[in-house]
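Below is one structure, written out as structure tokens; the observations come after it.
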Amino acid sequence: MLCLYNNYSIFYRSLQDGKLTAALVMPYHFNMKKSTDKKKRILTGDRPTGALHIGHYVGSLANRVKLQNEYDCFFIIADYQVLTDHLSDTAQIEGNIREILLDWLAVGLDPEQSTFFIQSRVPQIAELTMYFSMIVSVPEVQRNPTVKDEMKAAKIGKKEMSYGFLGYPISQAADIMCVRADLVPVGEDQLPHIEHTREIVRRFNRLFSPVFPEPKALLGSFPRLPGIDGQKMSKSRNNAIFLKDSPDEVRKKIMQAYTDPTRIHATDPGHLEGNVVFAYLDAFLSDKDELADWKKKYKKGQVGDVVIKKRLIEVLLSFLEPIQERRAAFAAKPGMLREILEYGIERTTKEAQATLELAREAMRMDYRSLLS
Ligand code: TRP
């Protein structure tokens, strides 16, 4: 059951207008205006493997913040999926779930509009995975390019691959279908999983009866942000700028960032391609005239790396400041985090229970004459 917390008052600065609006959040679910009846459903989420970085923001979080106004959004913290390649650090999962939740709230995912839940706490997902696992063949999953890449990255050979690792795209189909989501905003690497989901849905609906919608992937349009070394940004490569990085950490990282290796003096003409500093400015400097001006000067050798990096640091810090303020406000309210998760788990469980009943009925496995 939800318990009521009174007098939560945190400041909520809207990302869109930057204005401070006193956000109530006094028992926040009083306000839950989840008039969700007509809205299309979205499900997406993250694995709790650590704090989120600016690449996550640009690639998916910013998009989610926008989508939540228009759709009924479910955000999953996929803890089962962590087990596929982090089985020896299960003790970290709980802390990482908290980090993800704080990052989500900090960037403006809104528990009054959207539903946040933990995968393993909605048991119907595991049950649905069981049914779905009969509908896909092993070679189909073995051909999944993302599964192959991840096996390589985790240095897992075919022989040592766990049954759960191979099966995680099927469990992801169950994540999506437990709430019968219509849309799944994801990065390109997740497309093979959405394809499995669609195939499972088509087969299920054909074999039994049309219970599930065929979900569509929603691809973000912003190109992937590189890490400070120009490689793919990731925690394991140690090249990420995290949403919770302190101003000093941001300064230090940007001063080390990769720019244009062909340039020795500030007066040499600079290149923008592959230049991390300009990739970040493209993403975070909203004044496009100023951006164009810096680019022009950089290409002509009229501005040095240190000057442009200092400007980037200012831009990033002013982007991060309100996010970190909100993060701190939520971090100071553990009772609220618990309530947000418990509410989300409760709502998702209800939806998933209804889904499972439909699936069992379609399969004639509701056993109505035997069981009440
Ligand atoms: N596999 C996704 C990732 O690694 C996380 C995830 C789990 C997910 N279940 C999902 C994404 C359902 C979209 C829909 O980022």
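The values are calculated or read from the model by the stated rules, or taken from the named source; none is laboratory data. Only a predicted model underlies this, so the values are computations on that prediction, with no experimental measurement involved. Virtual Cβ from ideal backbone geometry, glycine too; neighbours counted across all protein chains shown.
Tell me whether the stretch 201-214 contains one or more residues that are under 25 Å from residue 120 (Cα atoms), within 16 Å of the ligand (Cβ to nearest atom), touching a residue at least 40 places away in the same chain (Cβ under 8 Å) and not aromatic (Phe, Trp, Tyr). Taking every residue of the stretch 201-214 in turn, none turns out to be under 25 Å from residue 120 (Cα atoms), within 16 Å of the ligand (Cβ to nearest atom), touching a residue at least 40 places away in the same chain (Cβ under 8 Å) and not aromatic (Phe, Trp, Tyr). I'm told residue 182 meets every condition in (1) outside the structural domain of residue 316 (by TED's automatic domain parsing); (2) among the charged types (D, E, K, R); (3) closer than 28 Å to residue 154 by Cα except one. Can you identify the failing condition by its number? The failed condition is (3). Test residue 84 against the stated conditions and say whether it is in contact with a helix residue (DSSP H, G or I) (Cβ under 6 Å, 6 or more places away or on another chain), among the polar types (S, T, N, Q) and either surrounded by fewer than 23 Cβ atoms within 10 Å (Cβ to Cβ) or within 20 Å of residue 343 (Cα to Cα) (or both). Spelling it out, residue 84 is indeed in contact with a helix residue (DSSP H, G or I) (Cβ under 6 Å, 6 or more places away or on another chain), among the polar types (S, T, N, Q) and either surrounded by fewer than 23 Cβ atoms within 10 Å (Cβ to Cβ) or within 20 Å of residue 343 (Cα to Cα) (or both). When residue 363 is tested against (1) buried (at least 18 other Cβ atoms within 10 Å of the Cβ); (2) touching a Phe, Trp or Tyr at 6+ places or on another chain (Cβ under 6 Å), only condition (1) is not met. The set of residues in the stretch 165-191 that are more than 9 Å from the ligand (Cβ to nearest atom), crowded, with 18+ Cβ neighbours inside 10 Å and not hydrophobic (A, V, I, L, M, F, W, C) comprises 167, 180, 182.
Residues that are assigned to a helix (DSSP H, G or I) and away from the ligand (no atom under 14 Å from the Cβ) were ranked within the stretch 152-164; the one that is farthest from residue 222 (Cα to Cα) is 163. Taking the listed residues 267, 262, the one that is surrounded by fewer than 20 Cβ atoms within 10 Å (Cβ to Cβ) and touching a His at 6+ places or on another chain (Cβ under 7 Å) is 262, with no other qualifying. The stretch 284-372 holds helices (runs of 4 or more DSSP H) entirely within its bounds, and those carrying 3 or more residues that are over 25 Å from residue 53 (Cα atoms) map to 288-300, 334-362. Would you mind stating whether residue 142 is surrounded by 19 or more Cβ atoms within 10 Å (Cβ to Cβ) and among the polar types (S, T, N, Q)? Here the answer is no, as residue 142 does not meet what is asked. As a summary of the residue check, residue 194 satisfies the conditions (1) within 16 Å of the ligand (Cβ to nearest atom); (2) more than 20 Å from residue 107 (Cβ to Cβ); (3) in contact with a Ser or Thr (Cβ under 9 Å, 6 or more places away or on another chain); (4) part of a helix (DSSP H, G or I) except for the one numbered (3). Considering the stretch 44-146, the qualifying helices (runs of 4 or more DSSP H), each wholly inside and each with 1 or more residues that are assigned by TED's automatic domain parsing to the domain that holds residue 221 and more than 13 Å from the ligand (Cβ to nearest atom), run over 62-70, 93-107, 123-132, 138-142. Here residue 255 passes the criteria (1) more than 20 Å from residue 62 (Cα to Cα); (2) not in a helix (DSSP H, G or I) except the one numbered (2).
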